[in-house]
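The values are calculated or read from the model by the stated rules, or taken from the named source; none is laboratory data. Computed from a predicted model, the values in this text were never measured in an experiment. As a convention, Cβ positions derive from the backbone with ideal geometry for all residues, glycine included, and neighbour counts pool all protein chains shown.
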Amino acid sequence: MKPPYKIAAHLCVGLAAFLSAFSAGKWSGTEKPEILAPSPPGKSMEREAPDQIERAKRSMTVAEYQAAWDAVAAKKWGRRERTDWQLKLLKEWADKDLEGALKAAFSESWSRNPNSRMDAAAFYFHSAFAESFKNRTEEVWKLIQQKKPGILESAVLLKAWSATLFEHDQQLYFSYLREMKGGDFALALNASFQGAKDINALTKVLDLAEEKAGQGVPLEGLGTVMITKAAQDFTKEELMDRLKTPNTVLGEYYLSVASARLFRPGHSPGAGEIFSEIQEIPSDKRDRFAGRLVKFSDNPEIVRGSLDHFVAAGDWKFLDENAAESVRRMEEKADPVELAGWAATLPPREETSGMFHSGVEPYIRKAPEEAWRWIQEMEDGYWRDHALGEYSKVNLEVFNDPEKSATAIAQIQDPAYLETVKSWRASWEEKKRK
């Protein structure tokens, strides 16, 4: 082991060398930050001969790199100056001790942003290791496999390594990707997907995902960024070709991509267009696709077009269990007159009555007089009775107006439904008496 004075001497030389390189690359003219003051007295670091600086860096041991890294904390530097110097030090350190340099970089990254440990963007020192990722791929891959930097750190390292290698050498990267299993594959696939700058690269990534999924590799980790990017990059025809591929194991993924295409910014499809889009989906996936739209969209046109699909298909069970709440969610963005008019076109069935009531309630509540005239113009029958029942309920519960409720009740013709509406009124009167 070297004596402390030799370690200190090497450390001073190494720091001087790095700070000199930092100075030459960053500052011009006579302006210099305080940290670059000459040391020792009478000798400027800028006068160090290049070969002397290189010898100083080559002479530093792993322990001295660690000591130099630890010494940064004592320097009163701004964040940018500190990071720039750390990047230079890490790049040199990695040449001698990649694992140690990575551990130091992760530790510093987490101390800056402790709540983002699975976010590759929180790894502040990616660029310091870019050359190592390109030129020492096998060494990096072994560190990832063996979880040498730590479990979470290895996951972030995998993302960073994947992004760099995918951009540098796709053929080499895919050779590694084919050997990955479990969560590693999905994490790496997400990273490479983000780097796919053309449709050919995108297709290669998805073809490999299809291949691995067929081998039983789980793809639960596929990120939403992959769905969004594919929705932007694939044409409708290309996406439909993949959806129609027999026995595709990425069917659910492609359905998500198809959904994302309809949700993309600046695209405002009408209900009729949505209905037509759904009919183009392969029949064995059509209901699942429409169900996704109903569940995840608050766009009135998308929801209406999707519900129209289930109506046309006669899927009364789905409509009975799911549709009323979906129509209720449309209220904030839908025009109440249009929503009520659409509700009145639904097949008059018990399973669709919840949709109808959710569709006409906003109109009655927001424009009661206008809604009353609309109800009076409706033909006698199932929906007119239900509109009168909803009008009675809204006037009781919202406007506290039993007279208008009574007027509506008096016009209901179906005896069975009349009893239901009267029971609503009786419950309201009971609450008022308490």
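Return the pair list, or none, for Cβ contacts closer than 8 Å from residues in the range 247-272 that are over 16 Å from ALA230 (Cβ atoms) to residues that are of a type in the set (Lys, Arg), at least 6 apart or on different chains.
Short answer, once both residue conditions are applied: ALA271/ARG304.
For the range 106-124, which positions are part of a helix (DSSP H, G or I), surrounded by 14 or more Cβ atoms within 10 Å (Cβ to Cβ) and modelled with pLDDT under 80?
Within the range 106-124, ALA120, ALA122 qualify.
Can you confirm whether GLU153 is under 28 Å from ASP70 (Cα atoms) and in contact (Cβ under 8 Å) with a residue 40 or more places away in the chain?
Yes; evaluated as a whole, the condition is true for this residue.
Would it be correct to say that PHE166 is surrounded by 13 or more Cβ atoms within 10 Å (Cβ to Cβ) and in contact with a Gly (Cβ under 6 Å, 6 or more places away or on another chain)?
Considered against the rule, which asks whether it is surrounded by 13 or more Cβ atoms within 10 Å (Cβ to Cβ) and in contact with a Gly (Cβ under 6 Å, 6 or more places away or on another chain), PHE166 comes out as yes.
Among (1) surrounded by 13 or more Cβ atoms within 10 Å (Cβ to Cβ); (2) without any contact (Cβ under 8 Å) to a residue 24 or more places away in the chain; (3) within 22 Å of GLY359 (Cβ to Cβ), there is one condition GLU379 misses while meeting the rest; what is its number?
(1)
Does the range 331-375 hold any residues that are among the β-branched types (Val, Ile, Thr), over 18 Å from ASN299 (Cα atoms) and assigned to a helix (DSSP H, G or I), and which are they?
Within the range 331-375, THR352, ILE364, ILE375 meet the criteria.
May I ask you to say which residue of GLU301, GLU403 is surrounded by fewer than 19 Cβ atoms within 10 Å (Cβ to Cβ) and of a type outside the set (A, V, I, L, M, F, W, C)?
The match here is GLU403.
For the range 368-393, give me the residue count where each residue is in contact with a Pro (Cβ under 7 Å, 6 or more places away or on another chain) and among the aliphatic types (A, V, I, L, M).
Count: 0.
Consider the range 376-420. How many of its residues are among the aliphatic types (A, V, I, L, M) and in a helix (DSSP H, G or I)?
Of the range 376-420, the ones among the aliphatic types (A, V, I, L, M) are 378, 387-388, 394, 396, 398, 406, 408-410, 412, 416, 418.
Then drop every residue that is not in a helix (DSSP H, G or I), which leaves 387-388, 394, 396, 406, 408-409, 416, 418.
Adding up the residues that qualify gives 9.
Suppose the filter is over 37 Å from the mean Cα position of the chain (by Cα) and of a type outside the set (S, T, N, Q); does GLU350 pass it? Outline the logic, then answer.
On the way: over 37 Å from the mean Cα position of the chain (by Cα): yes; of a type outside the set (S, T, N, Q): yes.
Here the answer is yes, as GLU350 does meet what is asked.
So which pairs qualify, if the first residue must be in the range 172-192 and in contact (Cβ under 8 Å) with a residue 40 or more places away in the chain, the second must be polar (S, T, N, Q) and buried (at least 20 other Cβ atoms within 10 Å of the Cβ), the Cβ gap must be under 6 Å, and the two must be at least 6 apart or on different chains?
Final answer for the pair search is ALA191/SER162.
Could you please find all residues in the range 158-204 being under 21 Å from the mean Cα position of the chain (by Cα) and not in a helix (DSSP H, G or I)?
ALA196, LYS197, ASP198
Return the total of residues in the range 125-157 being among the β-branched types (Val, Ile, Thr) and not in a helix (DSSP H, G or I).
Residues meeting the conditions: 0.
Here's the yes/no breakdown for (1) touching a strand residue (DSSP E or B) at 6+ places or on another chain (Cβ under 8 Å); (2) of a type in the set (A, V, I, L, M, F, W, C); (3) farther than 14 Å from VAL156 by Cα:
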{"residue": "ALA63", "(1), (2), (3)": "no, yes, yes"}
{"residue": "ARG79", "(1), (2), (3)": "no, no, yes"}
{"residue": "GLN86", "(1), (2), (3)": "no, no, yes"}
{"residue": "PRO114", "(1), (2), (3)": "no, no, no"}
{"residue": "SER132", "(1), (2), (3)": "no, no, yes"}
{"residue": "VAL140", "(1), (2), (3)": "no, yes, no"}
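Does PHE296 satisfy being surrounded by fewer than 18 Cβ atoms within 10 Å (Cβ to Cβ), touching a Ser or Thr at 6+ places or on another chain (Cβ under 9 Å) and either of a type in the set (Gly, Ala, Ser) or over 23 Å from TYR391 (Cα atoms) (or both)?
Here the answer is yes, as PHE296 does meet what is asked.
Confirm whether MET226 is within 21 Å of LYS204 (Cβ to Cβ), touching a residue at least 40 places away in the same chain (Cβ under 8 Å) and out of contact with any Asp or Glu (no Cβ under 6 Å at 6 or more places or on another chain).
Details: within 21 Å of LYS204 (Cβ to Cβ): yes; touching a residue at least 40 places away in the same chain (Cβ under 8 Å): no; out of contact with any Asp or Glu (no Cβ under 6 Å at 6 or more places or on another chain): yes.
So MET226 fails the test.
Looking at GLU252, GLU220, which one is of a type in the set (Asp, Glu) and within 30 Å of GLU273 (Cα to Cα)?
Working: GLU220 fails: within 30 Å of GLU273 (Cα to Cα).
Criteria check complete, one pass: GLU252.
I'm checking my understanding of the structure. Among residues of the range 142-160 that are hydrophobic (A, V, I, L, M, F, W, C) and closer than 15 Å to GLY183 by Cβ, which one is surrounded by the fewest Cβ atoms within 10 Å (Cβ to Cβ)?
This residue is ILE151.
Looking at the range 244-274, which of its residues are aromatic (Phe, Trp, Tyr) and touching a Ser or Thr at 6+ places or on another chain (Cβ under 8 Å)?
Correct list: TYR254, PHE263.
State which residue pairs qualify: first residue farther than 14 Å from GLU321 by Cβ and inside the range 342-363, second residue of a type in the set (Ser, Thr, Tyr) and assigned to a helix (DSSP H, G or I) in any location, beta carbons under 7 Å apart, and separation of 6 or more residues or different chains.
Matching pairs, first to second residue: LEU346/THR352; PRO348/TYR382.
Restricting to the range 55-88, name every residue that is at pLDDT 90 or above, in contact with a Gly (Cβ under 7 Å, 6 or more places away or on another chain) and of a type in the set (Gly, Ala, Ser).
ALA68
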